[in-house]
Every structure is written in C-alpha cells, then in structure tokens.
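The values are calculated or read from the model by the stated rules, or taken from the named source; none is laboratory data. Bear in mind the structure is a predicted one, so any value in this text is a computation, not a measurement. So basically every Cβ, Gly included, is an ideal-geometry build from the backbone, and we count neighbours across all protein chains shown.
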Amino acid sequence: MASKRKSSYEVMKEYGIKPPSRSRVIRDILNCKCYNVKILACLLYLTAGRITEVLNIKTKDIEIEKDEAGFEYLNVKLMNEKNKTYKVKTTTSPIKYEKPLIDLVLNHCRDIPHEDNVCPFNTRSWAYIQLKKFLPDYHFNHFFRALRLTNLVIDYNYQEIDLMNFAGWSDSRPFKHYQMYRSTKKFMELMK
C-alpha cells in the first residue's frame, strides 16, 4: 500500500521546524543575496504557484488593479499545472502586507520585454538548487505555496471558495489543511 504524501506542515512538524511568520518570510526574501532567487521567491510566495507555473510567468501576465473602493490588487496570470478543467488561473493578491515584494517584482518587470519570462531560471531543478543555496529554510517543495495560502486564510480571512480560486484547485478538499489554522492558538503562536 502506498504511503500518504505529507504536507509541508507535516514535514516541518516531523523535523521540528517552526513555520516562519509572514513578516519573516518577507524579510528573508528581501535580504536574499541573489537577486534572481529573490524574484523567484517573491513570485512563488505572492502567487502560491508551483515552481513550474512561476517559471513560465511573462511580464505581460502581471498587472496592478484597483477596485471601486480604491484597494489595490496584484493580478498574475499563470498556467495551471494540475487542474485539468482550467488551464490558466489568475491569482489576485491583496496589496497590504506584501507591498515590498510586489514593488520588487514590478521594478524588475520594467526592464524586461513584454513577452519574456519574469524569472531568469530555465529549469525547475536549477531553480530548486538556487533556492536551497540562497534561501535554505524555504526549499521544501510547495513550501512558499503552503505559507502563502495559510497567510491568506489568517491575514485576509480567505474562505473556502476564495482559496480554491486563488490556488486553482478543482475542488475544495485541500482547504481543510488551511482552515484549521484560522483559529488555532498554537499555530498563531508558532507564526510569531
């Protein structure tokens, strides 16, 4: 019988790794010594995208939008790697706490032709090697994704349908992994 795949949080618990807070994630990304890894990490975190989805983001796929109330959002169009029904997804990130990361990505995009990829890495394996080298605490598969989705639930009160749309899931079953952290005092203490 095949063993059940562990979530990023289960792996962290098994190895005694404390999940970093949103502010620490942002600080660690901004302090990264490699500019290319910094851009990759920004996009992985902001979009909660899979690494192959993020590597294919083009400059034209990134835009800022304002709603009627004047709130700004970052819209990023990605290829949806796993969902068989919807091949393209657009992540709409509220700009509140993550503005330094968004500004970094937007400034980076100004120097790149409209049709070119934003991330400077050509392969998933090379991107993982560089992530592990420059951001060793964040190199788990889907780690940025898990952190971002959790932060959307905790910081922005994302509900099941919101997270399903943001993550590009075909159904809401994965939501249960994130919803349980909404009011869990222990998890909130870990996130400090």
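A few notes on this one:
- Residues satisfying the stated conditions in the stretch 148-192, i.e. modelled with pLDDT under 75, part of a helix (DSSP H, G or I) and aliphatic (A, V, I, L, M): MET188, LEU190, MET191
- From the options ILE129, ILE112, residue that is of a type in the set (A, V, I, L, M, F, W, C), assigned to a helix (DSSP H, G or I) and surrounded by 12 or more Cβ atoms within 10 Å (Cβ to Cβ): ILE129
- Any hit, the stretch 81-96, residues being within 23 Å of TYR128 (Cα to Cα), in a loop (DSSP other than H, G, I, E, B) and within 14 Å of the chain's Cα centre (by Cα): no
- Whenever a residue of the stretch 42-63 is closer than 16 Å to LEU106 by Cβ, its partners that are aromatic (Phe, Trp, Tyr) and buried (at least 22 other Cβ atoms within 10 Å of the Cβ), lying with C-beta atoms within less than 7 angstrom and at least six residues away or across chains, give the pairs TYR45/PHE144.
- Tally of residues being touching a residue at least 40 places away in the same chain (Cβ under 8 Å) and surrounded by 13 or more Cβ atoms within 10 Å (Cβ to Cβ) across the stretch 88-99: 7
- The stretch 117-126 - residue that is of a type outside the set (Phe, Trp, Tyr) and assigned to a helix (DSSP H, G or I) and, of those, surrounded by the most Cβ atoms within 10 Å (Cβ to Cβ): ARG124
- Qualifying residue in the stretch 69-77 (condition: under 16 Å from the mean Cα position of the chain (by Cα), in contact (Cβ under 8 Å) with a residue 12 or more places away in the chain and more than 17 Å from LEU40 (Cα to Cα)): yes
- Considering residues of the stretch 30-83 that are under 19 Å from ARG124 (Cα atoms) and aromatic (Phe, Trp, Tyr) only, the residue surrounded by the most Cβ atoms within 10 Å (Cβ to Cβ): TYR45
- Residues that are part of a loop (DSSP other than H, G, I, E, B) and touching a residue at least 40 places away in the same chain (Cβ under 8 Å) within the stretch 132-147 comprise LEU135, PHE140, ASN141, HIS142, listed in sequence order.
- Only listed residue being surrounded by 13 or more Cβ atoms within 10 Å (Cβ to Cβ), modelled with pLDDT of 90 or more and closer than 21 Å to ARG22 by Cα, chosen from PHE143, PHE134: PHE134
Yes/no matrix, rows are residues, columns are (1) touching a helix residue (DSSP H, G or I) at 6+ places or on another chain (Cβ under 9 Å); (2) modelled with pLDDT of 95 or more; (3) farther than 15 Å from THR92 by Cβ; (4) among the basic types (Lys, Arg):
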position: LEU44; (1), (2), (3), (4): yes, no, yes, no
position: GLY49; (1), (2), (3), (4): yes, no, no, no
position: LEU55; (1), (2), (3), (4): yes, no, yes, no
position: GLU63; (1), (2), (3), (4): no, no, no, no
position: GLU68; (1), (2), (3), (4): no, no, no, no
